[in-house]
Amino acid sequence: MRRLSRRGVLHGGVGIALGLAYPSIVRAEPQFKLKFANIMPKDHPLNARMTEAAEAILKLTDGRVAIEVFPNSQLGTDADMLSQLRSGAIEFFASSGLIVATLVPVAAITGIGFAFADYSQVWNAVDGPLGKHIIASFAKSNIVAFEKMWDNGFRQTTSAKSPIKTPDDLKGFKIRVPPSPLWTSLFKSLGASPTSIPWGETYSALQTKVADGLENPLAGIYFAKMYEVQKYLSETNHMWDGFWFLANKRAFEGIPAPDRDVIVKTVNEAAVKQRADVAALNNSLQGELSTKGLEFVKVDTAAFRSKLQQSGFYGEWKGKYGDEAWSLLEAASGKLS
């Protein structure tokens, strides 16, 4: 048997001790270190489920694929992050179809005002032929869109001064909207004065009266504490909005196929879980927001939809998206124009 020197035993002992104290010294570094970014708060179900998915992916790939989550606009605005995704500075990005429509116009079609009456219509559309049509359009721009959209909820309208009950109440109303032509067109058609403000600047814009109100899903209003600078919430349900999970094609295809399959499967499963999270939140947040001081207001959504029809809103956007995409939307939503 080979004799071990005292020095060798001590050296080996130190190595073992260091390995126990600092596992990273003996654990192989991930082969792929990837970034996932978005504008939503850290505690939003999007980031909670994606953090969980990242941990699962690291384990399922035996440590080869590590995804770091950057929430809350840490890497910039939506426009900044879309640019970074395209350049490969970040590998994954989640954003509303209405935002990424600057690159893939048809991605915004799911946000057509008052198109969807409920979630059954939403998921029939985005999990069905309309979703596949949009995914194919992303591919033409060298972006991989994952099959399952994440939920951001039906959007409501808030105000600080007086409640919005009818389209007439929106006349001259300075409403914050994301930087998207469809959002601007929707609220102009309803008589409002929309102003595009990045999400990270919205709270201060409402606080300083740059805007009178905003429109957002309940979860966004709650997690960003918009109830601190708003008084009324009108249940307009004027638009459904979701997140496309997007990947830089070059970076994604540089990952071996078995690990890509793990990423796709795990992320899509996380999206379905997140949908359930948002549904549960929607059932509880009205009570939570009411205790924070927001007054909920019922509205007649038919009057708003009628206003859009009279203004030519639906006809205008049907012309922009084309007959094929519009027919796929109406297959799920029913006749709009």
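The values are calculated or read from the model by the stated rules, or taken from the named source; none is laboratory data. Please read all numbers here as calculations on a predicted model, not as lab measurements. Heads up, the Cβs are rebuilt from the backbone with ideal geometry, glycines too, and the neighbour counts pull from every protein chain shown. In case anyone asks, the SASA skips ligands and DNA or RNA and just uses the protein heavy atoms, side chains included. Shrake-Rupley method; radii C 1.70, N 1.55, O 1.52, S 1.80 Å.
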Which numbered condition Val104 misses (of (1) in contact with a strand residue (DSSP E or B) (Cβ under 9 Å, 6 or more places away or on another chain); (2) in contact (Cβ under 8 Å) with a residue 40 or more places away in the chain; (3) under 30 Å from Thr301 (Cα atoms); (4) buried (at least 18 other Cβ atoms within 10 Å of the Cβ)): (2)
Selection count where residues are within 19 Å of Val299 (Cβ to Cβ) and either open to solvent by 10 Å² or more (accessible area, probe 1.4 Å) or within 17 Å of the chain's Cα centre (by Cα) (or both), scope the range 141-161: 6
Of residues in the range 181-217 being more than 25 Å from Pro105 (Cβ to Cβ) and hydroxyl-bearing (Ser, Thr, Tyr), the one surrounded by the fewest Cβ atoms within 10 Å (Cβ to Cβ): Thr208
Check on Leu75, part of a helix (DSSP H, G or I), aliphatic (A, V, I, L, M) and open to solvent by 20 Å² or more (accessible area, probe 1.4 Å): no
Some residue of the range 119-135 being among the acidic types (Asp, Glu), open to solvent by 10 Å² or more (accessible area, probe 1.4 Å) and closer than 28 Å to Val262 by Cα: yes
Residue match in the range 184-194 (condition: within 21 Å of the chain's Cα centre (by Cα), modelled with pLDDT under 95 and of a type in the set (A, V, I, L, M, F, W, C)): no
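Within the range 275-286, is even one residue under 25 Å from the mean Cα position of the chain (by Cα), of a type in the set (Gly, Ala, Ser) and farther than 29 Å from Gly220 by Cα? Break it down into steps so the answer makes sense when it comes.
The initial filter retains those residues of the range 275-286 that are under 25 Å from the mean Cα position of the chain (by Cα), namely 275-286.
From what's left, of a type in the set (Gly, Ala, Ser): 276, 279-280, 284.
Imposing the further condition that a residue be farther than 29 Å from Gly220 by Cα reduces the set to none.
Looking for residues that are under 25 Å from the mean Cα position of the chain (by Cα), of a type in the set (Gly, Ala, Ser) and farther than 29 Å from Gly220 by Cα, one finds none in the range 275-286, hence no.
So, Leu98, is that one of a type outside the set (D, E, K, R), at pLDDT below 95 and buried (at least 17 other Cβ atoms within 10 Å of the Cβ) or not? Step through it out loud before you land on a result.
Details: of a type outside the set (D, E, K, R): yes; at pLDDT below 95: yes; buried (at least 17 other Cβ atoms within 10 Å of the Cβ): yes.
Yes; evaluated as a whole, the condition is true for this residue.
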Filter result (part of a loop (DSSP other than H, G, I, E, B) and either touching a helix residue (DSSP H, G or I) at 6+ places or on another chain (Cβ under 6 Å) or of a type in the set (S, T, N, Q) (or both)) within the range 113-163: Gly113, Phe114, Ala115, Phe116, Ser141, Asn142, Phe146, Glu147, Lys148, Met149, Ser162
Hits in the range 181-207 (condition: assigned to a helix (DSSP H, G or I) and of a type in the set (Ser, Thr, Tyr)): Thr184, Ser185, Ser189, Thr202, Tyr203, Ser204
Sole exception among (1) in contact with a Pro (Cβ under 6 Å, 6 or more places away or on another chain); (2) within 18 Å of Gly242 (Cα to Cα) for Ser73, by number: (1)
Subset of the range 162-180 (residues that are touching a Ser or Thr at 6+ places or on another chain (Cβ under 6 Å) and open to solvent by 50 Å² or more (accessible area, probe 1.4 Å)): Lys174, Pro179
Set Arg275, Arg176: member being of a type in the set (Lys, Arg), assigned to a helix (DSSP H, G or I) and in contact (Cβ under 8 Å) with a residue 12 or more places away in the chain: Arg275
Flag for Glu288 being open to solvent by 30 Å² or more (accessible area, probe 1.4 Å), over 30 Å from Ser137 (Cβ atoms), among the charged types (D, E, K, R) and in contact (Cβ under 8 Å) with a residue 24 or more places away in the chain: yes
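So, in the range 298-337, of the ones that are outside any helix (DSSP H, G or I) and in contact with a Lys or Arg (Cβ under 6 Å, 6 or more places away or on another chain), which residue ends up surrounded by the most Cβ atoms within 10 Å (Cβ to Cβ)? Working first, answer last.
Within the range 298-337, the subset outside any helix (DSSP H, G or I) is 298-300, 312, 322, 334-337.
Checking which are in contact with a Lys or Arg (Cβ under 6 Å, 6 or more places away or on another chain) leaves us with 299, 337.
Details: Val299: 20, Ser337: 15.
Selected residue: Val299.
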Considering residues of the range 62-72 that are part of a loop (DSSP other than H, G, I, E, B) and over 15 Å from the mean Cα position of the chain (by Cα) only, the residue surrounded by the fewest Cβ atoms within 10 Å (Cβ to Cβ): Asp62
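Taking Ser83, is it modelled with pLDDT of 95 or more and either of a type in the set (Val, Ile, Thr) or buried (at least 21 other Cβ atoms within 10 Å of the Cβ) (or both)? Lay out the reasoning, then the answer.
Details: modelled with pLDDT of 95 or more: yes; either of a type in the set (Val, Ile, Thr) or buried (at least 21 other Cβ atoms within 10 Å of the Cβ) (or both): no.
In short, no.
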Close pairs (6 angstrom Cβ cut-off, 6 or more residues apart or separate chains): in contact (Cβ under 8 Å) with a residue 40 or more places away in the chain in the range 305-316, open to solvent by less than 60 Å² (accessible area, probe 1.4 Å) anywhere: Arg305/Phe114; Lys307/Pro167; Lys307/Leu190; Leu308/Gly113; Leu308/Ser189; Ser311/Ser189; Phe313/Ser189; Tyr314/Leu336
